[in-house]
1. So the check is Cβ under 9 Å with 6+ separation or different chains; which pairs have a first residue in the range 83-94 that's outside any loop (DSSP other than H, G, I, E, B) and a second one that's modelled with pLDDT under 90?
2. Cβ-Cβ distance below 6 Å, separation of 6 or more or different chains: which pairs start in the range 54-76 with a residue that is part of a helix (DSSP H, G or I) and end on one that is modelled with pLDDT under 95 and β-branched (Val, Ile, Thr)?
Amino acid sequence: MAATDDFNKEMDQLKKDFSSLRNDIGSIMTSVKELAEKQAQNVSNMAEDAEKTVKSQAKEAGEEVENYIEERPLTSALVAFGSGIVIGILLSKR
């Protein structure tokens, strides 16, 4: 009988330990999920910031080119013409 009582006590303790382990794993999984969601949001925010920065820089560069062309139309036309000739020569040799 003593062996049966010891066995039952051990089984009850194992059941409690497994229940506790199940709860702990559930808590860990919830924490990991929340952390992953926060990191995903951070990455999304960083990507949006980078997009805004790139758009702003591209717009500024476009405006600078526009201003350069307006200030020096003859130079701009000659550069475009010369670039076209060089590209045409390079492509015709293929």
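1. Every condition considered, no pair remains.
2. Final answer for the pair search is Ser76/Ile69.
The values are calculated or read from the model by the stated rules, or taken from the named source; none is laboratory data. This is a predicted model, so every value here is computed, not measured. Cβ sites come from the backbone with ideal geometry, for glycine too, and all protein chains shown count toward neighbours.
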